[in-house]
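Below: one structure, written as C-alpha cells.
Nothing in this text is a laboratory measurement; each read-out follows from the coordinates by a stated rule. None of these values were measured; they are calculated from a predicted model. Note: ideal-geometry Cβ built from the backbone for every residue, glycine included; neighbour counts use all protein chains shown.
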Amino acid sequence: MCAQKEKKPGLLASVLGNKCPRCRRGYLYESRNPYNLKKTVTMPEHCPVCGQKYELEPGFYFGTGYVSYALTVALSVATFVLYYLFIGISIQDNSIFWWLGTNTVILVLLQPVLQRMSRSFWIAFFVRYDANALDVPDEKPVV
C-alpha cells in the first residue's frame, strides 16, 4: 500500500489556532493561554517546527493595530445585532447604554485573544503556506 499524502491544514483554522503560517503546525506563542498576561504576546524567534522567522523585520507587528481595530469593530457590530435581536434597543429606556456597558466588558475580557488573533492574521497575510516547509527549514541565524 502506498503512503497517503498528509492533508493540507486549513488557513482559517491555523490563523484562529495561532499556528505558524508557513507550516501551519508550530505555535506562534510561547504560552498557549492568552490570559497568561506576562506572556500574552511573547513569541519565539522562529517556528519550532519549520524554522520560519516570526519577526520579518523590525516593527513588523505595528500593523496589527489596524487588524485589531477591524476585529473590535466586527465584534461590536455582532454584539449590537445580537443585543438588538434578543433584548431590543430603545432610547426611552436607555438600553443603548446597557449594550455599551456589556460591549465594553466583552471587549476588555477578550483583549488578549484579540491581540493574538490580530498578530496571527497579520503574519498569515505576509507568509504563505509551504507544503515543503518541513523538508526545507528556514535558515536559522548562527549563534
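Observations on the model:
- Cβ-Cβ FRET estimate between LYS39 and VAL81, R0 fixed at 25 Å, reported to 0.05: 0.15
- Tensor-based shape of the range 1-84 (alpha-carbon gyration tensor, a/c under 1.5 rounded, otherwise prolate or oblate): oblate
- Under 13 Å from the TYR129 label point (7 Å along Cα→beta-carbon), backbone N, the range 22-61: 22-25
- Shown in residue order for the range 28-44 are the 3J(HN,Hα) couplings computed by the Karplus curve 6.51 cos²θ - 1.76 cosθ + 1.60 at θ = phi - 60°: 6, 10, 5, 10, 7, 8, x, 8, 7, 5, 6, 10, 4, 10, 6, 10, x Hz (x for Gly and Pro).
- The chain - mean residue ellipticity at 222 nm from DSSP helices (-39,500 (n - 2.57) per run, n ≥ 4, rounded to 500): -13500 deg cm²/dmol
- Degrees between helix 64-86 axis and first principal axis of the chain (Cα, 0 to 90, nearest 10): 40
- Relative to the longest principal axis of the Cα atoms of the chain, helix 95-109 runs at roughly 20 degrees.
- With Cα atoms, 0 to 90° folded angle of helix 111-126 axis to the chain main axis: 50
- Subtracting the Cα-Cα distance of PHE62 and SER31 from their residue separation scaled by 0.36 nm leaves 9.0 nm.
- Size of charge dipole - the range 15-91 - debye, nearest 20, with Cβ of Lys, Arg +1 and Asp, Glu -1, no other charges: 300
- Note on the chain: Cα Rg divided by 2.2 N^0.38 Å, N the number of residues, gives 1.34.
- Here the dipole of the chain is about 360 debye; that uses its Cα centre as origin and unit charges on the Cβ of Lys and Arg (positive) and Asp and Glu (negative).
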